[in-house]
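Take a look at the structure set out below.
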Amino acid sequence: MSWVLQRITGLALVVFMIGHYILMHYQPESGHTYGAVLARMQFSWYRIIDLTFITLAMYHGFERHLEYLQRLQT
Amino acid sequence: METESKPETTYHNIQTFDQKNWISENLSYKKDLGSWAWILHRITGIALIGYLFLHVYSLSPLTEGEVAFNNKMQVFTSPFFMVLEWFLFAFVLFHSLNGIRIVIVDWADGAKFQKQLYKLSWVIGIILFLGMGAIMFAHEIKNLF
C-alpha cells in the first residue's frame, strides 16, 4: 500500500513543485526580502499549502525509513 | 506413525547478503538503462531530502528579525549557492520526470517501453532545463554579465 501512496504523493509533489517554481522564480512580484516573505506568510492559505507541501515531501522522502521502523516493531 | 509437520520456516538457508564485497558486487552487476535510472533516482532523492532541510532552515532567521534574515540571505545568494540552485533544478527535473516514468510503468502498462520512456525523459529534461532555466533564472543570468 505504501508504494501506492509513494506514487500519489510523488505526482502531487510534481504539481506543487511546478507551482512553487513559477511563484518563486517566474513572477518578479513575489520578492525574497524580509517584508515580502513575512507578508506572504500572513495568508493562511499560503501557510496551509506550504505545510502540505513540506509534509508530503517529508513523507515521500522518509517512506522507506517508516517502513523499516514498522518492520522493527513487528 | 508419520505425522505430517509443516517445515518450520528457517532463514538459515537463505544466502546472506555479502557485506564484505557489496561494493564490488554491485559495481560488477551489469547495468542496463533501468538500473541507471534507479541509481540516479535514489541519488537525486537523497540529495533532494537533504536540500529540503536546508531550504526550510534558510527561512528560520525570519524569527530573528530583518538583520539576521538579510545576513543569511546574503550567504544563500552567493555564487556558490547559485550554482547549487542550477544543480537543484536539474535534480528536481530528473527526479520528477523519472518519477512520472515510474508511474507510467506501474499504472499505464509502460513496462513495455520503459527504455524509450527513460530516453524521452532525458530529452524532455534537457529541453526543460535549458528553456525553463533560461526563463526562470533570467534575473540571475542578467546579473552575471
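Read the figures in this text as sums done on the coordinates, not as results from a lab. As the structure is a prediction and not an experimental result, all values here were calculated from the model. Backbone-built Cβ (ideal geometry, glycine too); neighbour counts: all protein chains shown.
Estimated at 0.36 nm per residue, the fully extended path between B:ILE39 and B:ASN21 surpasses their Cα-Cα distance by 4.6 nm.
Near B:GLY34, once Lys and Arg are set to +1 and Asp and Glu to -1 for all other residues with Cβ below 12 Å from its Cβ, the sum equals +4.
Only Cα sites of chain A enter the Debye sum here, all with the same form factor; the resulting log10 I(q)/I(0) across q = 0.24 1/Å is -1.10, listed in q order. Simple rule: put +1 on each Lys or Arg Cβ and -1 on each Asp or Glu Cβ in the range A:2-73, find the dipole, and look at A:ILE8, A:ALA36, A:GLY19; the Cα lying farthest toward the positive end is A:ILE8. Counting Cβ atoms of other protein chains within 10 Å of each residue's Cβ and taking the mean over peptide A:61-68 gives 1. For the range B:34-144, the normalised intensity computed at q = 0.14, 0.17, 0.22, 0.23 Å⁻¹ comes to -0.70, -0.91, -1.19, -1.25 (log10 of I(q)/I(0), Debye sum over alpha carbons, equal scatterers, no solvent).
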